Amino acid sequence: MSGQVSDFFQNIGAGLNQHLFDIGGVPITAATVISSLLIVLLSLVVARLVRRAMIRFSRSRSVAQAGSVAVSAKLIQYLIIGLGVAIAVQNAGINLTAVFAAGAVFAVAIGFAMQNITANFVSGIILLFERSVKPGDVVRVNDQFGTIKELGIRATIVRGLDEEDLIVPNSELVQSTVINYTFGDALYRLHVPVGVSYDSDMKQVRAVLEAVARGMSWRTKAKDPVVFMSAFADSAVNFDVLVWTENPWNRGQLRSDLHEAIWFALKDADITIAYPQLDVHLGQAPPDPGGS
């Protein structure tokens, strides 16, 4: 019985050591293939476990930190898989230096063909480390206003005002001008112009506008509102009302609230909100040169 077991293991050993083919003069056996596949499989499992652990850790963080951790998890996953493949190739007895040298021309060709993808990938890494934009930021990209929903390796997802998702390549965020309303802080200035009649009491107008601006419940207490007379226009005296808020995402609704409050306050104070007017003066008709 023991002899049969011994023969069985000897046959397995002989099968594993059987020569299959050569790569660059290096003999490849079944044992080499199996061990290399196990190394790659192990790297895939480890990479997935590490990514899951990092994502689970990010759930207790803020939205911005969670997004950065998610991108970092993807990068680490790719690094672990790449390291596993390199170890598997080295385990097979293949010289990595020779492989890289042989594939240099091919890599250059692939680089030209995939330059946009490569640029987006590198831009994603830059955004990850610079943190110039991060999940939760309110931004304007290519005249599109929205909030960063997800920062990916190739592209960034931006949720627009109409609840649409914009897929923006990372290279555009790096190479073009991006307005980030929440980069340093969330302060945003609402600017509402208003014109009143020349017959109005300007001191009363200023007092009413200042009272309205200070009375907005959503304004930030860190900065006082500002009211100033901006111009003597053709049909009105123009004022500008400036109010700061920490909610740039809802700026449309907040501006509407401020407009309505100004309208009703001026109406209650019997102050006329000016509108375009044209005065036409009719003089005496010139005499008829023909005497008729």
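Bear in mind these aren't lab numbers, they're just calculated from the coordinates by the rules spelled out. None of these values were measured; they are calculated from a predicted model.
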Residue by residue through the range 209-224, which ³J(HN,Hα) values in whole Hz follow from phi under the Karplus form 6.51 cos²θ - 1.76 cosθ + 1.60 (θ = phi - 60°), with glycine and proline marked x?
5, 5, 5, 5, 4, 5, x, 5, 5, 8, 6, 6, 7, 6, 9, 6
Interchain or long-range residues, amide H under 5 Å from Leu166's placed H
Val158, Arg159, Gly160
Work out, step by step, the length gained on full extension between Leu75 and Asp224: first 0.36 nm times the residue separation, then minus their alpha carbon distance; give nm to one decimal.
49.1 nm
Do the alpha carbons of any pairs in Lys203/Lys267; Lys134/Lys221; Lys149/Lys221 sit beyond 23 Å of each other, and which pairs?
Lys134/Lys221; Lys149/Lys221
